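Below: one structure, written as structure tokens.
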Amino acid sequence: MSWVAAGLAIGSFAMDIMAADKKDKAEKSSSKKTEKQLAALFETTKKQLSFQRDIELRALDRTGKAIHGQQRAGYAASGVKVDTGTPLKIAIDTSSEIAMDRSIIRQRYDLEVDAALKRSKAGMPQTPPSTLGPTALQSGLTLLTKAEKSDYWGLLK
């Protein structure tokens, strides 16, 4: 083998190494860019979920106040003292149901944020918040309103 051929072979090898190095750098740069985009997408999803959670909690509070008001008004119209005995116990039970619904809403959103983080780390697309299914507000308060309408305990007569 001649010196010229050896020089060309070494030069070709060096060019291949430099090209591979450039390719690695480009892939790392692309990977970092993708990671930043996924992190930004996760933050956006987290803000959307937080916003929805806050809306649900406010709606639950409004509905809870309305239920308390209806209970008090029903008892007061019947001439029953609302701050003692059974009416007080029912008001306390209603408050504890509302507190449990609030806890369920918070836990569900915490789980959704954790799932969004895991999807983000795995490079998977995020689930739009509009497709997350029934809310604790819808499921929990349905029980309260059905109980009130059917007068389950027979106390509103």
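The values are calculated or read from the model by the stated rules, or taken from the named source; none is laboratory data. This structure is a prediction, so every number in the text was calculated from the model and none was measured. Quick reminder, even Gly has a Cβ in these numbers, built from the backbone with ideal geometry, and neighbours come from all protein chains shown.
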Exercise for review: List every residue pair whose Cβ atoms lie under 8 Å apart, where the two residues are 6 or more positions apart in sequence or sit on different chains, the first residue falls within segment 53-78 and is closer than 17 Å to residue 89 by Cβ, and the second residue, located anywhere, is polar (S, T, N, Q) and surrounded by 15 or more Cβ atoms within 10 Å (Cβ to Cβ).
Suggested key: 64/94; 67/94; 68/94; 71/94
Check your understanding: Any idea how many residues of segment 79-90 are exposed (fewer than 11 other Cβ atoms within 10 Å of the Cβ) and either part of a helix (DSSP H, G or I) or touching a residue at least 60 places away in the same chain (Cβ under 8 Å) (or both)?
Key -> 1
**Study point:** Hits in segment 32-54 - residues which are surrounded by 12 or more Cβ atoms within 10 Å (Cβ to Cβ), of a type in the set (A, V, I, L, M, F, W, C) and more than 12 Å from the chain's Cα centre (by Cα)
**Key:** 38, 39, 41
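Can you confirm whether segment 20-35 contains a residue that is part of a helix (DSSP H, G or I), among the charged types (D, E, K, R), within 27 Å of residue 113 (Cβ to Cβ) and modelled with pLDDT of 90 or more?
no
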